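Asker: My questions will all concern the structure given below.
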Amino acid sequence: MATRFSNWLDARTGWRNIWDGIFLRKVPKVNWLYTLGSASLFIVVNQVVTGILLTIYYVPTPDHAYDSVQYITTQVALGWLIRGLHHWGASAMVVVVFLHMLRVIFLGSYKFPREVTWFSGVVLFLVVIGFGFTGYLLPWDEKAYWATTVGTQIAGTPPLIGDLALRILRGGEGLTAMTLARFFGIHIWVLPAILLGLVGLHVYLVIKHGISTTPKRGENNHE
């Protein structure tokens, strides 16, 4: 019965080819540096799962944000673990993605035909930075408040568009409830939508073009 259903579903969806293409594809002999991309994907899953769990208790208002974070850490069962995984996962994400990009540059894996894979990776790194910046304000403590004040002021320094950029980020002149709500919305809706779309594209391109082999001395890595 299960075999018949599997065959029926494969005839209409081709799911077996998807499995073969992803999990049974040939991978060249590589080293541990090539696991950084998979490590980044693992951290993304960690951030998504722990982030969803944190939103159950987190309250994005100036009068409740700090208290809700403290409640998660001290009162919720395993809340300290979930928040710790999310907090340190954010830092680990930046480090691992940066090292992954260094590996790509050092080994020339950005060359033909993987240029679009590289471009999508660069945008993904910028999205990761955006996650770190918007998430830093959410605890709404002194450190988060003043760090975001400085960060948004930097965005407001360019001529002509600086003042507009500052107002868009803050939702007004200073850091207020509007700023916190805006950062929270960007953090849990806008950036995740962009991230998941880019991760899907990036993984598809990696599967399509395969993993580049480690170049040998005097050899250009175009394969």
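The values are calculated or read from the model by the stated rules, or taken from the named source; none is laboratory data. Just so it is clear, the structure is predicted and the values come from calculations on it, not from any experiment. Counting neighbours? That spans all protein chains shown, and the Cβs are built from the backbone with ideal geometry, glycine included.
Asker: Among the residues that make up region 75-97, is at least one of them among the basic types (Lys, Arg), surrounded by 14 or more Cβ atoms within 10 Å (Cβ to Cβ) and touching a residue at least 40 places away in the same chain (Cβ under 8 Å)?
Answerer: no
Asker: Report every pair of residues separated by at least 6 positions or lying on different chains whose Cβ atoms are under 9 Å apart, first residue within region 177-191 and closer than 16 Å to Gly151 by Cβ, second of a type in the set (D, E, K, R).
Answerer: Thr179/Arg170; Arg182/Arg170
Asker: Okay, moving on. Tell me the residue from Leu102, Leu78, Leu54 that is on the phi > 0 side of the Ramachandran plot and aliphatic (A, V, I, L, M), please.
Answerer: After ruling out the rest, the residue left standing is Leu78.
Asker: Scan region 17-34 for residues that are exposed (fewer than 14 other Cβ atoms within 10 Å of the Cβ) and not aliphatic (A, V, I, L, M) and jot them down.
Answerer: Passing the criteria: Asn17, Trp19, Asp20, Gly21, Phe23, Arg25, Lys26, Pro28, Lys29, Asn31, Trp32.
Asker: Tell me which of these Ser109 doesn't satisfy, since it passes every other one: (1) modelled with pLDDT under 95; (2) not in a loop (DSSP other than H, G, I, E, B).
Answerer: The failed condition is (2).
Asker: Could I ask something else about it? Within region 169-220, restricting attention to residues that are hydroxyl-bearing (Ser, Thr, Tyr) and assigned to a helix (DSSP H, G or I), which residue is modelled with the lowest pLDDT?
Answerer: So in region 169-220, the residues hydroxyl-bearing (Ser, Thr, Tyr) come out as 176, 179, 204, 212-214.
Now narrow it down to the ones that are assigned to a helix (DSSP H, G or I): 179, 204.
On the way: Thr179: 96, Tyr204: 89.
Step by step, filter region 169-220, then rank; the result is Tyr204.
Asker: Within region 48-74, restricting attention to residues that are touching a residue at least 60 places away in the same chain (Cβ under 8 Å) and polar (S, T, N, Q), which residue is nearest to Phe119 (Cα to Cα)?
Answerer: Thr55
Asker: Here is a follow-up. Give me the pairs, please: first residue somewhere in region 14-40 and farther than 16 Å from His209 by Cα and free of Cβ contacts under 8 Å to residues at least 12 places away in the same chain, second residue anywhere and surrounded by 12 or more Cβ atoms within 10 Å (Cβ to Cβ) and among the hydroxyl-bearing types (Ser, Thr, Tyr), beta-carbon distance under 9 Å, and either six or more positions apart or on two chains.
Answerer: Pairs found: Trp15/Ser6; Arg16/Ser6.
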